[in-house]
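K.L.:
Structure provided below as structure tokens; questions to follow.
The values are calculated or read from the model by the stated rules, or taken from the named source; none is laboratory data. No experiment lies behind these values; they were computed from the predicted model shown. Please note: Cβ atoms are built from the backbone with ideal geometry, for glycine as well, and neighbour counts cover all protein chains shown.
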Amino acid sequence: MEFLVHNISHSDLVVELSWLREDGTANSSVAAKSSTSRPVVGSVNVDGTTVPLSVLGRPKFSLFQQTSEQILERVQQLRRPQGNATEAAAELSVPGPQDVPPVLHPSLLDITGDRWKARCQDTQSPIGFNLADAPIPISSKELLRDFQLRGEVETTQLVDRYWDRVGITAVYFPLVALLLPKWTKVLEEFQSEGSRQLVYLISGAGIPRNVEHSRSGNSTESTAQLIVLFVHQYYPMTAIQVHSGSNIFRFDDNVQFMTRELRPLLEAHRETLVDRCGEAWKSHFHVTIAYADGPPARLSALNASLRMYKPSYLHIWQLKTFWHERKLSIADVDFHSFENIEASPCVSPSKSDTMTQKVVHEMRLFRDQFLAAEHEGEVASFWLRKSRKPVLAVLLIEKPATVAGEQPTIIVQRGMNCEVSMPTGSLCAERNAIGSALASDPTLTRRSLKMIAVLGLNLAEFATSTSNEVLPIRIHLGSAGSIQSASAATKTEPQVPSIPIPRVNGGGGTGRGKRASSENKNANLLSPRKPKRPRTFSFDEAAVEQMVRAGSAPDRNPLAPCGACKEWLVKIAEANPSFRVVTFENSRCRNVYIKQLM
């Protein structure tokens, strides 16, 4: 299941205001190009003066709800024209007036199925609803009083002088019209287009500064209902509106709304997945938050409340391209993984500092030696017989020089987890490495501990390595900053052989199956960014059964320290704030995550 959560703001709605000329119709910039439609004209010459026929506008702050309600009523009428039921769209659960019979424009009965659907002229992407054949009339006084017009002062003067009859001829949703195509593209790149897609639209209202204005006048509730219709009309997605009421400008009110209203809805879907998939529910549950516009308190509370799901983000960094240029630009939306937003993206060791390169090199050696000796001792039969999930740790220590002028000494200490008796608990790899280092050198201080690398493996799932490299224990920093081994036996870093990674076979499923041709590979699947989406993703029974019965264990990396180990590491970081934890993208150890605890 894929979730997109978007906060509705006043930037989500733009209307087209047009001059209703003598024939009683309007020249809309999005009028459908059919054999019977008039050519689109942007302006007209009146007594030597070029007068625009339409301009973009936004309702003013406290009139936003009133304008949205009028548009919603007209759109609902257009969606179910009388006498032409075959072209009517399916009914949706959006509240509307039921007691008052609809009063239709005379030309409404002649509207074809696509005439009222607005698309961007450049990209042909859905962008809103075209109301040119049934405009919403407004007075010229209301135009300048109730709307903010796009254009210079000269445009406003021309509109005030020449426009005697005015109407709303189109409504646009520029932010959602960008988010949904971009989200669809991201899902395709992750091979998740077959999953169930739900769009949560959050609406609300703020307390106006002017006490004479209505508290609900600035509400985005009706705008959200319009966007629900828009989503259901153009996309195979389920749109759900969640309204918070007033006080969207206050942080505590937003937190209360998120925890009591929004999050329980997502938790209900999560429980359904838990019932279906068990412990693998995380592989089928992905949340994306839209960072567009809205009060800072609103966006902060939204991000904080959904942080537990490690959401991805769609960031619209340019909000007003359509307002200024009347076009959609997909380049205005950036996709970011949770790790990138957390400022700890996955990087190659070659792009990191010397010490990180060293600890990664030592972990590769440790991994190869451990896998080569896996069947020679009692690792599987005794030391890890309970979970069969080895965890390796490499602690990097920098001892200050004892003699002035000498280079500090780098010491590497290994550790691994042990599960001798489950009632007594397991010995974690991180604490094993720290304790062993202290036992080897009782003078060790917390300031000397520089970083610890953690890698998770699976027994009997990997090919053994042919590497017989001996681990160098003590090394010294050379004059140029390069690391030189104190052991004459170790000269150069070995080429670590590639280790096959077990994968869940996606064949036969209808969801996120592995594509047969290599030409469908994309940057998202091959990039080092997390979270990596599983190949078997869809919500159908075949995919769930295939996932549960998969013969090979999935890669468990990146593997963060457990709660007990984290407490130890936090205590170390209190005296050494530069202490870092290095985890790996997968067992190949080609890319790493570097995180500071303080």
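K.L.:
(1) under 23 Å from T321 (Cβ atoms); (2) buried (at least 24 other Cβ atoms within 10 Å of the Cβ): which one isn't true of S219, the others all being true?
P.N.:
(1)
K.L.:
In the range 241-283, which residue that is among the small types (G, A, S) and crowded, with 16+ Cβ neighbours inside 10 Å is nearest to the chain's Cα centre (by Cα)?
P.N.:
Among them, the one singled out is S283.
K.L.:
Inside the range 409-426, can you point out the residues that are under 14 Å from L455 (Cα atoms) and without any contact (Cβ under 8 Å) to a residue 24 or more places away in the chain?
P.N.:
Result: G415, single match.
K.L.:
Still on this model: Might you check whether a residue that is touching a residue at least 60 places away in the same chain (Cβ under 8 Å) and assigned to a helix (DSSP H, G or I) occurs anywhere in the range 248-259?
P.N.:
no
One line per residue, one yes/no per condition, for (1) within 25 Å of A439 (Cβ to Cβ); (2) touching a residue at least 40 places away in the same chain (Cβ under 8 Å):
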residue: R326; (1), (2): no, yes
residue: H336; (1), (2): no, no
residue: K358; (1), (2): yes, yes
residue: R385; (1), (2): no, no
residue: L395; (1), (2): yes, yes
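K.L.:
In the range 165-197, what count of residues is obtained for those that are surrounded by fewer than 18 Cβ atoms within 10 Å (Cβ to Cβ) and among the aliphatic types (A, V, I, L, M)?
P.N.:
Residues meeting the conditions: 0.
K.L.:
Of all residues in the range 320-374, which are in contact with a strand residue (DSSP E or B) (Cβ under 9 Å, 6 or more places away or on another chain) and among the β-branched types (V, I, T)?
P.N.:
Once the filter is applied, which keeps residues that are in contact with a strand residue (DSSP E or B) (Cβ under 9 Å, 6 or more places away or on another chain) and among the β-branched types (V, I, T), the range 320-374 yields V333, I341, V347, T354, T356, V359, V360.
K.L.:
Now a separate question. For residues that are exposed (fewer than 15 other Cβ atoms within 10 Å of the Cβ) and part of a helix (DSSP H, G or I), tally how many sit in the range 378-402.
P.N.:
3
K.L.:
Now for a different question. Restricting to the range 236-255, and then to whatever is touching a strand residue (DSSP E or B) at 6+ places or on another chain (Cβ under 7 Å) and among the small types (G, A, S), can you tell me which residue is modelled with the lowest pLDDT?
P.N.:
Of everything passing the filter in the range 236-255, S244 is modelled with the lowest pLDDT.
K.L.:
Taking the range 12-50, which residues are crowded, with 19+ Cβ neighbours inside 10 Å and at pLDDT 75 or above?
P.N.:
Scanning the range 12-50 gives D12, L13, V14, V15, E16, L17, S18, W19, L20.
K.L.:
Hey, can you tell me all the residues within the range 323-377 that are more than 20 Å from R414 (Cα to Cα) and assigned to a helix (DSSP H, G or I)?
P.N.:
Passing the criteria: W323, H324, E325, I330, A331, D332, F338, E339, N340, I341, S350, K351.
K.L.:
Restricting attention to the range 360-382, report how many residues are basic (K, R) and farther than 13 Å from M416 by Cβ.
P.N.:
1
K.L.:
Continuing with the same structure: Going by what's in this entry, would Q407 be described as surrounded by 13 or more Cβ atoms within 10 Å (Cβ to Cβ), of a type outside the set (A, V, I, L, M, F, W, C) and assigned to a loop (DSSP other than H, G, I, E, B)?
P.N.:
yes
K.L.:
Output the residues belonging to the range 179-193 that are over 13 Å from the mean Cα position of the chain (by Cα) and farther than 13 Å from Y235 by Cα.
P.N.:
Passing the criteria: E188, E189, Q191, S192.
K.L.:
Related question: Touching a residue at least 40 places away in the same chain (Cβ under 8 Å), of a type in the set (K, R) and in contact with a strand residue (DSSP E or B) (Cβ under 7 Å, 6 or more places away or on another chain): does that describe R263?
P.N.:
Answer is no for this residue.
K.L.:
Quick one: which of Q233, Q225 is buried (at least 23 other Cβ atoms within 10 Å of the Cβ), of a type outside the set (V, I, T) and either modelled with pLDDT under 90 or closer than 21 Å to D146 by Cβ (or both)?
P.N.:
Every option except Q225 fails the conditions.
K.L.:
Can you name the residue in the range 566-598 that is among the charged types (D, E, K, R) and more than 25 Å from the chain's Cα centre (by Cα) and, of all such residues, is nearest to L365 (Cα to Cα)?
P.N.:
Ranking the qualifying residues of the range 566-598, first place goes to R588.
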